[in-house]
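Heads up, the thing below is written out as structure tokens.
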Amino acid sequence: MAAPREVLERRPFGRRFLTDPTRLFQHNAWDNVEWSEEQEARARSKVQENSSQLLPQDKQEEYEVNAKRYWDDFYKIHENGFFKDRHWLFTEFPELAPGRNPSQNRNSVHEFSNREESNNEGLGSYENGHCSLETRAENQLNLIKTTSKICTEELATQKYSELNQSDGDYPGSSASYRVLEVGCGAGNTVFPILQTNNDPGLFVYCCDFSATAVDLVQNNAQYDSSRCFAFVHDLCNDQSPFPMPDESLDVVILIFVLSAILPEKMQCIVSRLSRLLKPGGMILLRDYGRYDLAQLRFKKGQCLSDNFYVRGDGTRVYFFTQDELDDLFTTAGLEKIQNLVDRRLQVNRGKQMTMYRVWIQCKYRKPAAPQL
């Protein structure tokens, strides 16, 4: 199979050299792949085709109403073996490892390993995601046993929010560096942070829409309640309280999370999260870009609205442009530090398939308070 014309000249890890097409399938991935006008036109045509037939409105409302159930089912099925730990975090987001040299932050993405390489969004097998039947049975029993724990956690969150913030008594109130991950899943961002960053002043909050996901985090052997607080939270419910007060966070992390939300609710969510940031605090985002392979693979009848789709398991996904994200963050009063596209070529050597992925990485900062 001949190498695609678009990668005959590439820059793996910043170096430029000519590709030998016969060696294409001996490698795994390349970053900063440039697309030709022809390739982008084909992608645009494919999206127009798969979005020409929208789901009926009643079906769309059903997916919105039952969103929590679909994500709970997802984590019940896949548990915590579905994702790879995101050790690339500290290369791309040195803000999560205080004490590291900020110059480590680069304008391209290297050694990137995440959910995309683990399951290819349904494009390949769950080779890294299967758990034994015994483990699944055990987890199902644990889910039953810990239901009351989750409910207690939600009540505790409300208690901290409504009663104790006024006198500064909330989880992590004594910390000097506070990080919140929204949409924490099974903890594949949280635990690498806790393992790598030994700053005694660090405190990590993590929340998810799915009680099942939060349960997986809380029952992980690495969960340390003295350094971490996991809680259930519905981002789309602006009455759902956070356990920390406004202007208390140094970093908010959004990794493949914003794309799962109804587009018309995104601005309210970003604005609300920005209020949690201290002056100078940052939102770090990694999410799907327009014309990513996952978008091109959707069939007719899976489109909900422009660039917004439903997967076979009922979960939903949106594909962003840089300008859309910039508008969301700047409207929320944040200033751009980074907004870049990572066009990446992945190669499945076993199936001899080339896959073009498109992700967007952003950093936006809350302006420092004006000095009087």
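The values are calculated or read from the model by the stated rules, or taken from the named source; none is laboratory data. Predicted, not measured: the structure shown is a model, and the values here were computed from it. Ideal geometry is used to build each Cβ from the backbone, glycine not excepted, and the neighbour counts take in all protein chains shown. Please note that ligands, DNA and RNA were not included when accessible areas were found on the heavy atoms of the full protein model with its side chains. Shrake-Rupley method; radii C 1.70, N 1.55, O 1.52, S 1.80 Å.
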For ARG316, which sequence-distant residues (separation of 5 or more, or a different chain) have an amide H within less than 5 Å of its own amide H, given hydrogens modelled in the peptide plane? ARG311
Label SER225 and ASP323 with points 7 Å out from Cα along Cα→Cβ: what is the distance between them in nm? 5.0
Could you state the accessible area per residue of region 246-372 in Å², with a 1.4 Å probe and every protein chain left in place? 37
Which parts of region 207-229 would a label at ASN237 reach, counting a residue when its backbone N lies under 17 Å from a point 7 Å out along Cα-to-Cβ? 207-215
In sequence order, what are the phi-derived ³J(HN,Hα) couplings for region 343-350 according to the Karplus relation 6.51 cos²θ - 1.76 cosθ + 1.60 with θ = phi - 60°, rounded to whole Hz, with x for glycine and proline? 8, 10, 9, 10, 10, 8, 5, x
Once the Cβ-Cβ distance between LYS59 and ASP169 is put in as r, and R0 is 41 Å, what FRET efficiency do you end up with, to the nearest 0.05? 0.35
Which links in LYS59/LYS299; LYS59/LYS265; LYS46/LYS336; LYS278/LYS336; LYS265/LYS299 stretch past 22 Å when you go from one Cα to the other? LYS46/LYS336; LYS265/LYS299
Report, to the nearest whole %, how much of the accessible area of region 173-227 belongs to carbon and sulfur atoms, 1.4 Å probe, protein only. 46
Around LEU180, which amide H atoms from residues at least 5 apart in sequence, or from another chain, sit under 5 Å from its own amide H, with H modelled in the peptide plane? TYR205, VAL251, VAL252, ILE253
Beta carbons within 10 angstrom, averaged per residue: use that to sort the peptides 169-181, 204-216, 249-261, 303-315, highest first. 204-216, 249-261, 169-181, 303-315
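Arrange the peptides 328-336, 33-41, 281-289 so that the one whose residues have, on average, the most other Cβ atoms within 10 Å appears first.
Values: 328-336: 17.6, 33-41: 12.9, 281-289: 23.6.
Final packing ranking: 281-289, 328-336, 33-41.
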Point-to-point label distance, GLU49-GLU264, nm (Cα→Cβ direction, 7 Å offset): 3.1
With x for Gly and Pro, the residue-by-residue ³J(HN,Hα) of region 270-281, computed from phi through the Karplus equation 6.51 cos²θ - 1.76 cosθ + 1.60 at θ = phi - 60° and given in whole Hz, is 4, 5, 5, 5, 5, 5, 6, 6, 5, x, x, x
